[in-house]
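Structure first, then comments.
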């Protein structure tokens, strides 16, 4: 499991809290069973969307293609307190503990 880090010289707007995880759908199911809702944003790389179909024929975007099936949006709301954040982190670490780094 790996959190998506801020790029040097940029600052996150904290719209999404995204992690790269192996077996995304399995991890997502395990988190849901423990009461933690997640989301999947941008499951298909943009250049594979119908509006950009011509780009997919002319250019490959390997990072987007590699990460899209592993992106998992974690809970991020102003209503979460430190205990909520700690619980999400602990459960995510448990669920992904035996996985190879992504």
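The values are calculated or read from the model by the stated rules, or taken from the named source; none is laboratory data. All values derive from a computational prediction rather than experimental measurement. Cβ: placed from backbone, ideal geometry, glycine included. Neighbour counts: every protein chain shown.
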- Output yes when any residue across the stretch 4-19 is over 14 Å from residue 73 (Cα atoms) and buried (at least 16 other Cβ atoms within 10 Å of the Cβ), and no when none is. no
- Item | Elements of type helices (runs of 4 or more DSSP H) contained in the stretch 26-102, each with 2 or more residues being surrounded by 12 or more Cβ atoms within 10 Å (Cβ to Cβ) and modelled with pLDDT of 95 or more | 82-96
